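Worksheet: the structure to be examined is printed underneath.
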C-alpha cells in the first residue's frame, strides 16, 4: 500500500491529489478493461455520480453510482466460488457501486446491475451478480422524461 | 486456435493450475468443469463480452455529468 499522497494527472479532471487511503487495489482489474490501481473521486459526499479513476491510465475513468439511489430493490447475489474468491465477509463493510453508461439525454443513462463493483478494505472487485433481475443496462431515469435535464 | 478431442471424464490442463474437464456430452450441449485458482475469475464468454462493452461505454463518459438529478421514486 502506498503511504504518500499520489498526484493523478487526469485527462478529465487535471491534477488531482489522491490520499493513500483512497487507493483501491483491483487484483483482477475491471472486466475486459484490466487495470490494477484505481481511486474513487467524488465532488462531494452526496454526489450522485462518483468516478472510478485509474491511477495508471490518465484517460481511464468510469462514472459509478450507488445502486440503491435508483433501484430500491437492488440486490447482489454472489456465486459461492466468487464470494470465496474475493473474500467478502461483512456486507456492511463493503461499498457497492454500479458502473454508469452516460448519454446525451437522461433517459438513455443506464447502470450495469449485472456486474457491480464491491470495495472493502482497500480492495476492489467487479463481480457477476446472480440476482435474477439484474440487467447490464438498467435505465436510470426511465419515466422521468418530463423532468428537464 | 488449438483444437483437442476429448471424451467425457478427460481433462485439459492450462499451465499447471487450471484444469478443464469434459463432464458430459448431450446432444449439442457440453458440460464442462473448471478448476482454477481463486485468483482467476471464470466467466461465461457472452457475459464477459457484455460487461466489457458496458465498461468501455462507461469509460467514454465526459467529465461533466449532470448533478442534482431527479431520483426515481
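Some values worked out for this structure:
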| quantity | calculated |
| --- | --- |
| In segment A:23-62, the residues that are surrounded by 15 or more Cβ atoms within 10 Å (Cβ to Cβ), touching a residue at least 60 places away in the same chain (Cβ under 8 Å) and more than 14 Å from the chain's Cα centre (by Cα) | A:28 |
| Residue A:65 facing chain B (nearest Cβ under 10 Å) and in contact with a helix residue (DSSP H, G or I) (Cβ under 8 Å, 6 or more places away or on another chain) | no |
| Qualifying strands (runs of 3 or more DSSP E) (wholly inside segment A:1-97; at least 2 residues being over 25 Å from residue B:42 (Cβ atoms)) | A:6-10, A:14-18, A:37-41, A:49-54, A:61-65 |
| Which numbered condition residue A:12 fails, given (1) more than 9 Å from chain B (Cβ to nearest Cβ); (2) in contact with a strand residue (DSSP E or B) (Cβ under 9 Å, 6 or more places away or on another chain); (3) touching a residue at least 24 places away in the same chain (Cβ under 8 Å) | (1) |
| Subset of segment A:68-96 (residues that are modelled with pLDDT of 90 or more, within 11 Å of chain B (Cβ to nearest Cβ) and either surrounded by 13 or more Cβ atoms within 10 Å (Cβ to Cβ) or under 16 Å from residue A:30 (Cα atoms) (or both)) | A:69, A:70, A:71 |
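The values are calculated or read from the model by the stated rules, or taken from the named source; none is laboratory data. Since the structure is predicted, the reported quantities are computational estimates derived from the model, not experimental observations. Please note: Cβ atoms are built from the backbone with ideal geometry, for glycine as well, and neighbour counts cover all protein chains shown.
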